[in-house]
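Some notes on the structure that comes next.
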Amino acid sequence: MRPQTPPLFSPQTFSLPNGNEVFVRQLLPGDKKLLAEGFEQLSPETIRKRFMNLRKGFSEKELVFLTELDGIDHFALGASVIEDGQTKGIGVARYVRDQTETQKAELAIVIVDKYQGMGLGSFLMQNISQIAFESGIEEFTGTLERSNLGMQKLLKKMKGFETQLDSEATYLQLRANLKKWKS
Ligand SMILES: CC(C)(COP(=O)(O)OP(=O)(O)OC[C@H]1O[C@@H](n2cnc3c(N)ncnc32)[C@H](O)[C@@H]1OP(=O)(O)O)[C@@H](O)C(=O)NCCC(=O)NCCS
């Protein structure tokens, strides 16, 4: 059921293998610069895997859409680190609720290349799944390239998360049963 109020997410930390801390919290309107700068750190391959195209960056309008969230129908977690005394955005996991089937939401996730393969993607997935579940979402949907082994590996570790080939056998469609994940 679609809730009346946004879920509460208490900021968390995640330790990288080198011991450095990653700060994870809900994305806020003031994060536009962090998001735009984080995008600059993505390789073309990561951009294509996340957006299914080779976009160059975000327009002002897109940054508004990506950061000014109601928390109910659109929710995102942002991950950041301190590098040389400066905060850097290094990952985002988000979902957008389906307008008609409100128990469903589309999921997307990206980690800056330099920080991939260190467990952060799994950490964000666990946390965003929990928030979504508490917010009445029972199913995540999404699309990924067939060649996206990193995402496929991550999904395999999540109970209830499955992929199937789309009708044109070009992409994999993600289906995640959050009730099963939670059980
Ligand atoms: C997919 C993605 C979010 C995973 O994040 P991550 O922080 O690298 O994930 P984790 O470190 O938690 O790793 C999860 C598993 O995937 C594996 N993995 C990560 N990147 C991989 C890669 N490029 N190739 C093969 N396996 C990879 C890890 O080894 C790990 O498996 P393990 O636990 O058996 O060792 C990240 O690689 C990414 O941003 N990819 C580009 C964008 C994208 O594909 N988004 C998904 C579509 S919306």
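Selection over region 40-65 of residues that are part of a helix (DSSP H, G or I) and either within 12 Å of the ligand (Cβ to nearest atom) or in contact with a Gly (Cβ under 6 Å, 6 or more places away or on another chain) (or both) gives a count of 8.
Residues in region 64-92 that are more than 24 Å from Met151 (Cβ to Cβ) and touching a Leu at 6+ places or on another chain (Cβ under 8 Å): 1 in all. The residue pairs whose first member lies in region 37-49 and is under 14 Å from Thr87 (Cβ atoms), whose second member is away from the ligand (no atom under 11 Å from the Cβ) and modelled with pLDDT of 95 or more, and whose beta carbons are closer than 8 Å, counting only pairs six or more residues apart or on different chains, are Glu37/Lys88; Glu37/Gly89; Gly38/Lys88; Gly38/Gly89; Gln41/Lys88. Check whether at least one residue in region 78-86 is of a type in the set (A, V, I, L, M) and in a loop (DSSP other than H, G, I, E, B), and report yes or no. Looking through region 78-86, none of the residues is of a type in the set (A, V, I, L, M) and in a loop (DSSP other than H, G, I, E, B).
Against the definition (touching a Phe, Trp or Tyr at 6+ places or on another chain (Cβ under 6 Å) and within 15 Å of Gly38 (Cα to Cα)), how does Ile90 come out, yes or no? Before you say what the answer is, go through the steps one by one.
Working: touching a Phe, Trp or Tyr at 6+ places or on another chain (Cβ under 6 Å): yes; within 15 Å of Gly38 (Cα to Cα): yes.
Answer is yes for this residue.
Within region 82-134, the set of residues being out of contact with any strand residue (DSSP E or B) (no Cβ under 9 Å at 6 or more places or on another chain), of a type in the set (D, E, K, R) and within 19 Å of Trp181 (Cα to Cα) comprises Glu134 only. Considering region 114-131, and only residues there that are of a type in the set (A, V, I, L, M) and touching a Lys or Arg at 6+ places or on another chain (Cβ under 9 Å), the residue that is nearest to the ligand (Cβ to nearest atom) turns out to be Met125. Taking the criterion of being surrounded by fewer than 16 Cβ atoms within 10 Å (Cβ to Cβ), touching an Asp or Glu at 6+ places or on another chain (Cβ under 7 Å) and not in a helix (DSSP H, G or I), the residues of region 1-39 that qualify are Thr13, Ser15.
Considering the conditions (1) away from the ligand (no atom under 16 Å from the Cβ); (2) free of Cβ contacts under 8 Å to residues at least 40 places away in the same chain; (3) under 15 Å from the mean Cα position of the chain (by Cα), Glu106 is excluded by exactly one of them, (1). Cβ separations smaller than 7 Å between residues 6+ apart or across chains give the following pairs from region 60-81 residues that are more than 14 Å from Pro6 (Cβ to Cβ) and in contact (Cβ under 8 Å) with a residue 60 or more places away in the chain to residues that are among the charged types (D, E, K, R) and assigned to a strand (DSSP E or B): Val81/Lys88. Residues in region 159-174 that are surrounded by 16 or more Cβ atoms within 10 Å (Cβ to Cβ) and either closer than 20 Å to Thr46 by Cβ or among the basic types (Lys, Arg) (or both): Thr163, Tyr171, Leu172, Leu174.
What's the total number of residues in region 143-157 that are within 12 Å of Leu107 (Cβ to Cβ) and more than 6 Å from the ligand (Cβ to nearest atom)?
Let us first name the residues in region 143-157 that are within 12 Å of Leu107 (Cβ to Cβ), namely 143-144, 151, 154-155.
Applying the additional criterion that residues be more than 6 Å from the ligand (Cβ to nearest atom) yields 143, 155.
Here the count works out to 2.
The values are calculated or read from the model by the stated rules, or taken from the named source; none is laboratory data. Not measured: the values here are computed from a predicted model. Using ideal geometry, Cβ is built from the backbone for each residue, glycine included, and neighbour counts are taken over all protein chains shown.
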